[in-house]
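The structure under discussion appears below in the form of structure tokens.
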Amino acid sequence: MTTTDLAATDLVAAQRVAIDESGWGLPYRFFQPRNLAFWLYVWLLVLGTASLLSQLNNLFAGYESEIVLGYIAFAIYTIPFWVALNYIDRFDAVPNKVRVLAFAWGGLIATWVMALNANLAVFGIYGKVFGQAFLKDWGPGLTAPFTEEIAKGLGVAIIIVLAPKVVRSAFDGFIIGGFVGLGFQVFENVSYVIEGAQGGFGANAQGESISMIITRASVGLTSHTVYSAIFGMGLVWFLGRPTEKPRRILGLLFMASAMLMHGLWDAMAAISGGSPVILPLFLLGVPLFAIVVFFLALKYSSEHTRHWMHDILAPEVARGTVTEAELDAVAGRHKDRRVFVKSNHGHKSHAQAKHVLAAATDLGEQLAASRGEDTPAVQFARSEVTRVRG
């Protein structure tokens with residue numbers, strides 16, 4: 001066996017290890033009658049749905065148009081967030097079924113079964129022990145970061161039990177946490193719209209609901225979706241996975257940072273004392289802090305997924321299907337892809353370079369789905385790389 005043959009054999013062996021470790025391409029089945037976590041999820045989903053429907057049934061007659069408007073507005077609002085999370089998960093590490101499970105947990109279980117009841121209970125204690133003034137100023141900031149982040153984090157935990165072959169890395173926790181937070185954010189926002197419509201005994205229900213939609217949409221860019229992505233990644237690092245060794249201190253730090261930014265946002269008025277100088281600093285500083293931590297979490301959690309994609313596609317460099325530069329871009333960070341697209345690597349345009357990277361990524365996904373076998377889908381994906389390169 002020649003040195004070239006040995007190198008190719010090593011690449012194939014590394015590819016198989018990466019496919020096994022990543023779990024990419026493995027089918028996910030929601031119906032698991034022998035898994036207690038499945039029945040727990042279903043039971044909580046039924047409770048959450050019933051709670052939501054009960055609220056809507058009580059209010060629909062008086063606020064029909066406001067409720068419909070709220071759901072339509074935030075259904076549209078969901079789309080760019082969903083697309084952004086799909087873009088971040090560019091190797092489709094988390095199957096669509098699991099994304100829907102996460103979104104449903106955040107929207108129907110964490111919101112209506114857990115956080116709502118927990119918040120009311122804690123608010124009642126604060127009001128009785130410290131008084132209504134304290135509750136108004138400090139209640140949300142000293143409650144929601146714990147009740148809501150833990151409720152959403154439990155969604156990531158139960159999905160680990162429901163889909164252990166899917167959740168292999170901290171990056172998977174990041175993406176799943178993001179979808180849990182998105183579900184929570186959307187359904188919570190609609191509840192705020194309904195609450196706004198009820199203000200002033202419904203005298204200006206539609207105007208108040210529109211105002212609330214604008215307010216919640218504008219402040220939601222760095223809200224629950226960001227908090228929960230960070231918390232979910234930290235939770236996976238804290239718990240560890242078969243291919244992700246526990247990093248408990250770092251995991252706790254990221255989970256605590258999600259709670260901290262949530263608490264600072266909810267308590268900014270009380271902390272600043274309403275100061276016209278200090279309050280704007282919180283309005284700018286907390287979202288900036290959230291963005292910085294979000295991208296740090298994304299950077300460090302994606303290392304495993306990028307290495308797996310590199311090893312899965314590496315044999316294709318030896319075959320001549322993918323170039324070394326293309327492999328580095330596909331398995332690199334987003335900035336590496338931008339540099340590749342802007343550089344001249346024999347492509348006619350930036351658009352063509354993007355198409356080549358997309359085709360190479362699809363080839364990696366097909367190789368993972370086929371467990372490295374040379375299936376018709378893999379052969380077609382190879383031909384697409386050649387075709388789009390022109």
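Return a yes/no flag: does segment 357-368 have any residue that is touching a Phe, Trp or Tyr at 6+ places or on another chain (Cβ under 9 Å) and closer than 30 Å to His224 by Cα. Yes, some residue in segment 357-368 is touching a Phe, Trp or Tyr at 6+ places or on another chain (Cβ under 9 Å) and closer than 30 Å to His224 by Cα. Residues being part of a helix (DSSP H, G or I) and either in the same structural domain as Val166 (by TED's automatic domain parsing) or in contact with a His (Cβ under 6 Å, 6 or more places away or on another chain) (or both) are represented in segment 323-337 by at least one member. Is it the case, given these coordinates, that Leu11 is closer than 30 Å to Glu195 by Cα and part of a helix (DSSP H, G or I)? For Leu11, the condition - closer than 30 Å to Glu195 by Cα and part of a helix (DSSP H, G or I) - is not met. Could you tell me whether any residue of segment 351-370 is basic (Lys, Arg) and over 27 Å from Arg168 (Cβ atoms)? Taking every residue of segment 351-370 in turn, at least one turns out to be basic (Lys, Arg) and over 27 Å from Arg168 (Cβ atoms). When each of Phe38, Phe91, Phe31 is tested for being touching a helix residue (DSSP H, G or I) at 6+ places or on another chain (Cβ under 8 Å), without any contact (Cβ under 8 Å) to a residue 60 or more places away in the chain and either farther than 25 Å from Val190 by Cβ or assigned by TED's automatic domain parsing to the domain that holds Arg337 (or both), the lone residue that passes is Phe31. Considering (1) under 13 Å from His224 (Cα atoms); (2) over 18 Å from the mean Cα position of the chain (by Cα), the lone condition that Ile194 does not fulfil carries the number (1). Restricting attention to segment 58-79, the residues that are closer than 18 Å to Gly107 by Cα and surrounded by fewer than 11 Cβ atoms within 10 Å (Cβ to Cβ) total 2. Looking at Leu279, Leu252, just one residue is touching a helix residue (DSSP H, G or I) at 6+ places or on another chain (Cβ under 7 Å), farther than 27 Å from Val94 by Cα and in a helix (DSSP H, G or I), and that residue is Leu279. Pairs linking a residue in segment 276-291 that is touching a residue at least 40 places away in the same chain (Cβ under 8 Å) to a residue that is in a helix (DSSP H, G or I) and surrounded by 12 or more Cβ atoms within 10 Å (Cβ to Cβ), with Cβ atoms under 7 Å and 6 or more positions apart or on different chains, are Val286/Met261; Val286/Leu264; Val286/Trp265; Val286/Met268; Ala290/Val226; Ala290/Met261.
When Arg371 is evaluated against the numbered criteria (1) touching a helix residue (DSSP H, G or I) at 6+ places or on another chain (Cβ under 7 Å); (2) part of a helix (DSSP H, G or I); (3) not assigned by TED's automatic domain parsing to the domain that holds Pro95, which criterion, by number, is the only one it fails? Failed condition: (2). Evaluated against (1) within 14 Å of the chain's Cα centre (by Cα); (2) assigned to a helix (DSSP H, G or I); (3) of a type outside the set (Gly, Ala, Ser); (4) at pLDDT below 95, Phe174 falls short on exactly one condition, (4). For segment 97-122, which residues satisfy the criterion of being over 15 Å from Val186 (Cα atoms) and surrounded by fewer than 17 Cβ atoms within 10 Å (Cβ to Cβ)? Lys97, Asn117, Leu120, Ala121 - these are the residues of segment 97-122 that are over 15 Å from Val186 (Cα atoms) and surrounded by fewer than 17 Cβ atoms within 10 Å (Cβ to Cβ). Scan segment 338-348 and tell me whether some residue there is outside the structural domain of Glu244 (by TED's automatic domain parsing), outside any loop (DSSP other than H, G, I, E, B) and crowded, with 17+ Cβ neighbours inside 10 Å. Yes - at least one qualifying residue is present in segment 338-348.
Which residues, counting only those in segment 374-385, are part of a helix (DSSP H, G or I) and not aliphatic (A, V, I, L, M)? Listed by number, the residues that qualify are Pro376, Gln379, Phe380, Arg382, Ser383, Glu384.
Based on this model, can you work out whether Gly364 counts as under 26 Å from the mean Cα position of the chain (by Cα) and not in a helix (DSSP H, G or I)? Answer is no for this residue.
The values are calculated or read from the model by the stated rules, or taken from the named source; none is laboratory data. Since we're looking at a predicted model, the values are computed, not measured. Don't worry about glycine lacking a Cβ; one is built from the backbone with ideal geometry, like all the others, and counts go over all protein chains shown.
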